[in-house]
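Beneath this line is the structure, given in structure tokens, with notes to follow.
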Amino acid sequence: MKAAERFCKSELEHDPSGHDWWHIHRVVQMADRMAREENADSFICALAALLHDVADEKLNESKESGLRKVQDWLEGQAMAEEERSHVLEIISTMSYNAGANPPMRTIEGKVVQDADRLDAIGAIAIARTFVYAGWKGHPIHDPNLPPRESMTPGEYRHDKSTAINHFHEKLLKLKDRVNTPSARRIAEERHRYMEQYVERFYEEWEGRI
Ligand code: ADP
Ligand code: NI
């Protein structure tokens with residue numbers, strides 16, 4: 001596990017997009033807590049949590065090259081082939097992907113996906129979203145750019161979004177997309193906070209307070 005931590009740190013240490021080492025650290029901690037609550041294999045959960053963003057397609061040339069990097073690393077580690085393929089399966093299928101991916105097959109996959117999603121709901125998630133938007137050069141908010149889900153496919157411009165739109169496009173939907181009861185409780189609490197934040201944002205934007 002120490003080796004996985006070193007590998008992950010060297011890959012993500014200087015990540016400027018909100019997928020930095022401390023994001024991984026939070027996901028690992030949350031996955032560990034949930035693995036106990038859900039009786040999942042804590043070794044698999046910890047390893048998948050540590051490696052889940054090393055292969056992220058946003059941070060690599062492609063999804064394939066990112067996964068290959070993780071696979072090569074796993075092959076150099078002494079562990080059962082079954083464990084390797086389980087970890088790879090989790091990290092290659094857990095991404096949000098506009099809600100289009102099928103449900104995770106194993107409880108370990110559900111736990112790690114939930115732990116990652118919980119880091120996208122709540123106070124820390126708000127900070128991450130603005131960091132990501134800054135990294136992409138997106139504005140905080142633009143009333144002329146409605147959330148992409150309300151556009152027709154012809155109007156859909158993938159390169160144009162805003163931090164506030166990301167709340168509507170994804171973050172506010174996440175609480176209904178978590179797998180386990182333990183994550184659900186935490187998600188609901190964090191969701192309320194985020195909802196209040198967005199309401200307050202509009203109130204200030206429109207000069208109502
Ligand atoms: P996943 O790992 O589930 O695919 P992402 O890596 O896309 O999730 O997103 C992780 C976090 O990065 C989000 O929760 C959000 O905070 C931030 N993020 C991703 N895409 C955007 C975006 N278009 N605008 C603002 N923030 C974003
Ligand atoms: Ni992540």
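So, taking all protein chains as they sit and a 1.4 Å probe, how much accessible area belongs to ARG68, in Å² rounded to tens?
We get 120 Å² for ARG68.
Can you put LYS175, LYS63 in order of accessible area, largest first, using a 1.4 Å probe? Each step should come with its number before you reach the end.
On the way: LYS175 45, LYS63 80 Å².
From most exposed to least exposed: LYS63, LYS175.
On C-alpha positions alone, give me the angle between the axis of helix 123-136 and the longest principal axis of the chain, in degrees, nearest 10.
Helix 123-136 sits at roughly 80 degrees to that axis.
Before I look further, what does the chain give for accessible area per residue, probe 1.4 Å, in whole square angstrom?
Details: 11290 Å² over 209 residues.
For the chain, the per-residue accessible area is 54 Å².
Determine the share of the chain's accessible area contributed by carbon and sulfur atoms, expressed in whole percent, with a 1.4 angstrom probe. Can you show the working numbers first?
On the way: 5580 of 11290 Å².
Summing carbon and sulfur atoms, their accessible area is 49 percent of the total for the chain.
Using alpha carbons only, how many degrees (0 to 90, rounded to 10) separate the axis of helix 42-51 from the longest principal axis of the chain?
Helix 42-51 sits at roughly 60 degrees to that axis.
Output ³J(HN,Hα) for the range 97-113: one whole-Hz value per residue in order, computed from phi by the Karplus curve 6.51 cos²θ - 1.76 cosθ + 1.60 with θ = phi - 60°, and x for Gly and Pro.
Going residue by residue, I get 6, 6, x, 8, 6, x, x, 5, 6, 10, 5, 5, x, 5, 5, 5, 4 Hz, with x marking Gly and Pro.
What are the ³J(HN,Hα) values, in whole Hz, obtained from phi via the Karplus relation 6.51 cos²θ - 1.76 cosθ + 1.60 with θ = phi - 60°, for each residue of the range 79-94 in sequence order, with x given for Gly and Pro?
Ordered by residue, 3J(HN,Hα) equals 7, 5, 4, 4, 5, 4, 6, 5, 4, 5, 4, 4, 6, 8, 10, 8 Hz.
I'd like the accessible area for ARG128: 1.4 Å probe, protein heavy atoms, all chains in place, Å² to the nearest 10.
40
For GLU89 and TYR197, compute 0.36 nm times the residue count separating them, minus their Cα-Cα distance, and round to one decimal in nm. All intermediate terms of the calculation are to be shown ahead of the outcome.
Numbers: separation 108, 0.36 × 108 = 38.88 nm, distance 3.54 nm.
Gain on stretching GLU89 to TYR197: 35.3 nm.
Quick one: pull the percentage of alpha-carbon pairs in the range 94-209 with a separation above 24 Å. Provide the component values of the computation, followed by the final result.
On the way: 2038 of 6670 pairs.
Of the Cα pairs, 31 percent sit more than 24 Å apart.
On a 1.4 Å probe surface of the protein chains, which of SER10, SER95, SER182, SER62 comes out largest in accessible area, and what is the full order? Could you put the intermediate results ahead of the total?
Details: SER10 85, SER95 60, SER182 5, SER62 40 Å².
Ranked from most to least accessible, the order is SER10, SER95, SER62, SER182.
The values are calculated or read from the model by the stated rules, or taken from the named source; none is laboratory data. Just so we're clear, the structure is a prediction, and the values are computed from it rather than from any experiment. Just the protein is used for accessible areas: all its heavy atoms, side chains included, with ligands, DNA and RNA removed. Shrake-Rupley method; radii C 1.70, N 1.55, O 1.52, S 1.80 Å.
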